[in-house]
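The values are calculated or read from the model by the stated rules, or taken from the named source; none is laboratory data. What you are looking at is a predicted structure, and each value in this text was computed from that prediction instead of being measured. All Cβ positions, glycine included, derive from the backbone under ideal geometry; neighbour counts span all protein chains shown. Only protein heavy atoms, including side chains, enter the accessible area calculation; ligands, DNA and RNA are left aside. Shrake-Rupley method; radii C 1.70, N 1.55, O 1.52, S 1.80 Å.
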Amino acid sequence: SLNVTKDGFEPYRLDAFNVVTGKATDLGEIVLEPKRDYPRVVSTDPRDGARNIAVGLEIPIQVRFSKKMNTDSVKQAIRLEPKTKWEAFMGKGSHPLADEDNLVIVLSNYDERAPIKYNTNYRIGIGTGATDTGGLAMRKDFAFSFATGSAGIASTSPANGEKNAMAGLVDTPIIVRFNTRLKLDTVVKGAFRIRPRPTYEVDIKPIEDERTGWTTVYIHARLEED
């Protein structure tokens with residue numbers, strides 16, 4: 001094995017060549033690449049390997065880079081499988097979460113021909129065509145994956161564990177959002193339990209979203225303070 005190092009350059013290593021006693025061994029020309037601050041991905045949200053990501057109308061995905069990037073080159077370098085409806089945002093003002101070093105990819109359920117699927121592993125790749133603002137490209141491809149969860153409750157209002165929640169008043173019902181269509185005849189009072197038990201009658205009202213058919217349940221109940 002041969003190892004070559006020099007300050008300011010990437011180390012070079014060559015393995016598996018033969019050296020014969022008493023004879024010169026020609027290894028050809030050795031080229032050292034200068035060290036550069038190549039752009040790279042430093043974090044993702046969801047993290048690589050995350051499971052049970054809730055399927056909603058949208059799933060926002062964040063990919064943070066080590067430096068400011070050329071936004072057009074990054075968008076063109078994105079690969080996503082399996083096929084679904086998505087849109088990429090990068091640069092200030094393009095999306096509330098986006099920045100020059102933060103890519104936001106939004107998967108959506110607005111196209112019924114390519115919906116976000118339940119219990120599915122999604123893989124996102126960023127190719128070496130992605131460059132920083134100075135034109136320096138990523139040294140190698142980057143990829144990560146995450147898996148969506150089953151159909152069920154996507155979110156609630158108030159959120160789980162929320163403090164000082166505004167809920168139970170006439171104009172602020174408890175809201176349970178499902179990411180699937182429920183059989184409306186099963187959305188009855190006996191299917192929901194509130195503890196401590198409210199002293200007044202509880203009203204349950206399911207509504208279906210016009211775009212997706214998903215069910216949102218509004219629960220009107222007078223709750224105790226604190």
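Pairwise Cα separations in the chain fall into 10 Å bins from 0 onward with the following percentages, short to long: 7, 22, 21, 18, 14, 8, 5, 3, 1, 0. If the cut-off is a Cα-Cα distance under 18 Å, which aspartates and glutamates reach residue 35, setting aside same-chain residues fewer than 8 apart in sequence? The reachable aspartates and glutamates, counting only those whose Cα sits under 18 Å from residue 35, are 7, 10, 132. Residue 201 contributes about 140 Å² of solvent-accessible surface, heavy atoms of the protein only, 1.4 Å probe. In this structure, the amide hydrogen of residue 53, modeled 1.01 Å from its nitrogen in the peptide plane, lies closer than 5 angstrom to those of 147, 148, 149, counting only residues at least 5 positions away or on a different chain. Ordered from highest to lowest accessible area with the whole protein assembly present and a 1.4 Å probe, 178, 144 read as 178, 144. With a ≥ b ≥ c the root eigenvalues of the C-alpha gyration tensor of region 1-112, is it rounded (a/c under 1.5), prolate (a/b larger than b/c) or oblate? Because a/c hits 1.5 or more and a/b exceeds b/c, region 1-112 counts as prolate. Here the label points at residue 12 and residue 222, each 7 Å from Cα along the C-beta direction, are separated by 8.4 nm in the simple model. Note on residue 153 and residue 42: the model spin-label points, each 7 Å out from Cα along the C-beta direction, lie 3.7 nm apart. Here the 3J(HN,Hα) profile of region 155-164, calculated from phi with Karplus coefficients 6.51, -1.76 and 1.60 at θ = phi - 60°, is 6, 9, 9, x, 6, 4, x, 5, 9, 6 Hz, Gly and Pro shown as x.
Distant-in-sequence amide contacts of residue 32, defined by a placed amide H-H separation under 5 Å and a gap of 5 or more residues or a different chain, comprise nothing. What is region 156-226 by shape, rounded, prolate or oblate, if you read a ≥ b ≥ c off the alpha carbon gyration tensor as root eigenvalues and call it rounded for a/c under 1.5, prolate for a/b larger than b/c, and oblate otherwise? The shape class here is prolate. The residues of the chain expose, per residue, 67 Å² of accessible area to a 1.4 Å probe. The orientation-averaged projection of the convex hull spanning the C-alpha atoms of region 36-89 amounts to 4.7 square nanometres. Nonpolar atom fraction for the chain, defined as the carbon and sulfur part of the 1.4 Å probe accessible area, stands at 47 percent.
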